[in-house]
Amino acid sequence: MGERIRLREEYLAYQVANYINTDVETLKQIRNINCYAFARLLGYPDPNQEIYAPGNIYRFKYGDGKILQNSIDLNFIDDCIQRDSQALLQKTPRISFSDIHEQDQKFYFGISLFRFCASKVKQPILKEVLENLNKITDFFDWHFIMRTSTGEWLQKPGWERPVEEVKWIEYGKTFDFLTTAYCPMFNAELPLEGICNEKFFYRIEI
């Protein structure tokens with residue numbers, strides 16, 4: 001059984017590496033992937049949501065290595081990105097946001113963290129829940145955004161929602177977006193604020 005699992009994981013890593021897509025219009029229509037896969041141009045569908053945790057592509061290919069789950073340690077996220085790059089045979093040098101050139105026709109992506117915008121929520125119970133979560137930590141989770149070769153900043157906010165434009169509040173630093181939460185108490189779109197770090201952007205060299 002163990003050998004069968006390993007062969008399947010290696011096969012998935014191979015499939016992912018062979019589904020890299022650089023056509024912007026095709027990217028905008030993509031489904032069954034998360035923000036990380038989208039930002040890295042990885043189009044292999046993952047309906048079971050088992051592949052695209054950062055670090056997992058490396059683990060699938062080589063059989064070991066840590067996976068990013070709930071950590072918001074940017075250096076750990078960076079390590080997962082670079083290990084996946086090794087597994088994909090893809091160069092993703094880390095750069096600063098100021099190194100991105102508007103008309104260079106290259107793809108970039110960046111790590112962001114996000115927090116809930118509780119002040120924008122109208123439902124009292126949900127607002128209280130989000131306010132309490134924000135008291136625990138300034139950030140709730142990680143998120144990735146991508147700049148296309150045509151100069152558009154795009155994101156895929158979660159598995160279910162479609163690709164959309166990054167709505168910058170402060171260019172290169174903060175943006176807002178919605179995600180959908182499912183819970184016995186509510187089924188609602190939650191407003192979020194994404195926070196980028198100047199030093200954690202990447203250029204995709206294909």
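Throughout, read-outs are computed from the coordinates displayed, never taken from laboratory work. Values in this document were obtained by computation on a predicted structure and should not be read as measured data. Cβ placement follows ideal geometry from the backbone for every residue including glycine, while neighbour counts extend to all protein chains displayed.
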Worksheet item: Using mean Cβ contacts within 10 Å as the protection proxy, how do 32-41, 127-136, 148-157 order, highest first?
Response: 32-41, 148-157, 127-136
Worksheet item: Which ³J(HN,Hα) values, rounded to whole Hz and listed in residue order, are derived for region 43-49 from phi using the Karplus coefficients 6.51, -1.76 and 1.60 in 6.51 cos²θ - 1.76 cosθ + 1.60 with θ = phi - 60°, glycine and proline given as x?
Response: x, 5, x, 9, x, 8, 6
Response to the item:
The extension gain from TYR14 to GLU131, computed as 0.36 nm times the residue separation minus the Cα-Cα distance, is 37.9 nm
Fill in: Net charge of Cβ neighbours under 13 Å - reference HIS101; Lys, Arg +1; Asp, Glu -1
0
Worksheet item: Which whole-Hz ³J(HN,Hα) couplings does region 89-103 yield from phi under the Karplus relation 6.51 cos²θ - 1.76 cosθ + 1.60, θ = phi - 60°, glycine and proline marked x?
Response: 6, 10, 8, 9, x, 7, 9, 9, 4, 5, 7, 7, 9, 4, 10
Worksheet item: So for SER85, SER71, fewest C-beta neighbours within 10 Å to most, what's the order?
Response: SER71, SER85
Worksheet entry | Burial ordering of LYS106, LYS122, fewest other beta-carbon atoms within 10 Å first | LYS122, LYS106
Worksheet item: By the gyration tensor of its Cα atoms, with a ≥ b ≥ c the square roots of the eigenvalues, what is the shape of region 134-183: rounded for a/c under 1.5, prolate for a/b over b/c, or oblate?
Response: oblate
Worksheet entry | Interchain or long-range residues, amide H under 5 Å from CYS117's placed H | LEU192, GLU193
Practice prompt. Give the shape of the chain as rounded, prolate or oblate, defined through the alpha-carbon gyration tensor: a ≥ b ≥ c are the square roots of its eigenvalues, a/c under 1.5 means rounded, and otherwise the shape is prolate if a/b is larger than b/c and oblate if not.
Written response: oblate
Worksheet item: Among PHE201, ILE67, TYR36, whose Cα sits farthest toward the positive end of the charge dipole of the chain (+1 at Cβ of Lys/Arg, -1 at Cβ of Asp/Glu, about the Cα centre)?
Response: ILE67
Item to complete: With the convex hull built on the Cα atoms of region 2-88, state its orientation-averaged projected area in nm².
Response: 5.7
